[in-house]
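Throughout, read-outs are computed from the coordinates displayed, never taken from laboratory work. Only a predicted model underlies this, so the values are computations on that prediction, with no experimental measurement involved. Neighbour counts are summed over all protein chains in view; Cβ atoms, including those assigned to glycine, are modelled from backbone coordinates with ideal geometry.
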Amino acid sequence: MYASREDIGYDFGDDSKVGTKPVKPNPNIDGGWAWMIVFSSFLVHILIMGSQMALGILNMEWLEEFNQSRGLTAWVSSLSMGITLIVGPFIGLFIGMCGCRRTAIMGGMLNSLGWILSAYASDVHYLFLTFGVTAGIGSGMVYLPAVVMVGQYFQKRRALAQGLSTTGTGFGAFLMTALMKYLCIEFGWRNTMFIQGAISLNLCVCGALMRPLSPKDIVSEKHVLRSNSESNHAKALSHSAETIKSRGVLSEELEKKETANEEVLDTVQHIEIGSKSQSERSLYGLRILKTVSQMMVTVRKGFAIWYSSYFGAASLFTNRVFVAFIIWALFAYSSFVIPFIHLPEIVKQYNLPSQNNIFPLTSIIAIVHIFGKVILGIISDLPCISTWNVFLMANFTLVTCILTLPLMQTYVSLAVVCALIGFSSGYFSLMPVVTEDLVGTKHLANAYGIIICANGISALFGPPFAGWIYDITHKYDFSFYISGLLYMVGIIFLFIQPCIQKKQTREKPAEGAEV
């Protein structure tokens with residue numbers, strides 16, 4: 001049955017048919033099945049992000065098993081984490097063709113296959129392919145749909161919903177670390193990979209819960225309930241989304257091709273009706289032809305949306321605020337990851353291991369990070385608060401903590417800074433909300449795919465770059481200073497570009513009045 005629109009979750013320019021009629025609210029928007037979507041996304045974050053944060057346990061086993069350098073072995077974990085995010089733009093193409101549900105189910109099977117194949121690893125390079133690439137791509141195919149579906153099902157409480165779902169990362173870090181440690185002791189690391197592969201099949205169940213909304217249920221930007229007290233700055237952001245929307249998604253040439261395809265489908269249907277008296281073999285052939293034609297139409301429409309989002313007239317890159325957002329994402333994620341890597345060495349350098357063993361600083365970051373996501377989400381959903389302003393304030397707080405952390409030399413001062421890092425980094429739950437405000441629900445999958453791709457590049461090359469700085473300077477301080485300064489450059493781009501956009505928006509009416 002042809003249901004590509006329902007599966008994809010986009011409208012294809014049919015607003016003219018619905019625009020004159022009042023939109024009947026769907027009980028599943030901001031309620032009902034929407035909370036099952038949050039639960040599904042929460043489990044996805046536990047199984048994917050939580051498992052990746054627990055890879056330190058397996059990394060020690062791989063070091064002992066293969067006797068390779070720490071740098072080479074660490075690339076297994078870096079590849080898995082980086083590829084999960086870097087494949088985002090290509091996963092957007094899968095979502096456009098197959099829908100979020102099917103993409104997530106296929107990703108769950110691929111992720112499980114990667115874990116199981118890794119149990120047969122004979123060297124580190126084998127793990128690069130099976131765990132880094134195979135499991136990484138599978139993780140990306142589940143992660144992006146989990147975020148996109150929450151954005152589609154929520155309008156009033158998007159920030160809170162994203163905050164609740166992404167807290168699975170923190171819970172997963174604790175649960176999966178304890179589980180992997182126990183399994184490695186009891187069964188060895190190879191059997192642990194087998195068991196983890198079986199556990200990862202639950203990602204398919206999470207994907208099955210991602211029930212697609214029909215086109216009528218997907219609320220467009222003009223029907224989103226926004227407060228009348230929204231700031232002028234937010235109006236500039238909505239203008240950026242309208243710029244993309246006004247340019248259209250499909251060209252006229254593509255629409256003609258789709259019309260021709262629909263005519264082919266109608267012809268096939270008439271032939272099928274008129275051939276009831278023919279043999280079953282002929283009917284079977286016609287059904288195959290009909291199915292292939294439907295698949296071609298689905299692929300064409302999905303590819304058209306994906307292509308136009310990146311290279312067409314409606315390219316996301318024509319939105320200057322969104323481009324500034326990408327530049328920010330290239331530097332942001334590494335600033336959050338670097339403290340997890342270098343804090344143990346800083347504690348050792350300041351002779352604080354006894355206090356850190358009682359309550360590790362990295363655990364403080366992880367625990368407060370959970371509360372930060374939820375609290376920032378609740379604050380952002382308040383009628384009088386701009387999500388963009390909360391996002392910027394959290395970023396400024398985090399970059400300040402990154403720059404001041406090397407100056408702290410006592411456990412208490414380090415604990416306070418780490419708590420602030422954990423809380424302010426809760427802005428990760430606001431990233432999908434900010435992205436949707438910039439480009440709209442229709443382009444969310446492709447746009448957020450680009451953002452997490454930039455985060456993936458940051459996660460892949462940030463920690464090795466910090467290690468290279470340490471090899472040159474023999475100090476961890478410079479790793480924080482350089483990453484913090486690069487992070488600050490990205491924040492400045494976020495701060496300046498919307499101001500320029502706002503100024504240009506004000507100048508346009510003035511030019512029209514002069515004419």
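Descriptive notes on the structure:
- Taking θ as phi - 60° and the Karplus parameters 6.51, -1.76 and 1.60, the scalar couplings of region 375-386 work out to 5, 5, x, 5, 4, 5, 7, 5, x, 8, 10, 8 Hz in sequence order, x denoting glycine and proline.
- Relative contact order (percent, whole number), region 51-142, Cα cutoff 8 Å, 6+ residue spacing: 39
- Cβ-based net charge around residue 188, under 13 Å, with every Lys or Arg adding one and every Asp or Glu removing one: -2
- Charge-dipole axis of region 27-214 as Lys and Arg at +1 and Asp and Glu at -1 on Cβ define it, positive-most pick from 139, 93, 191: 93
- Packing-based ranking, highest mean first, of 167-175, 435-443 given that Cβ atoms within 10 Å are counted: 435-443, 167-175
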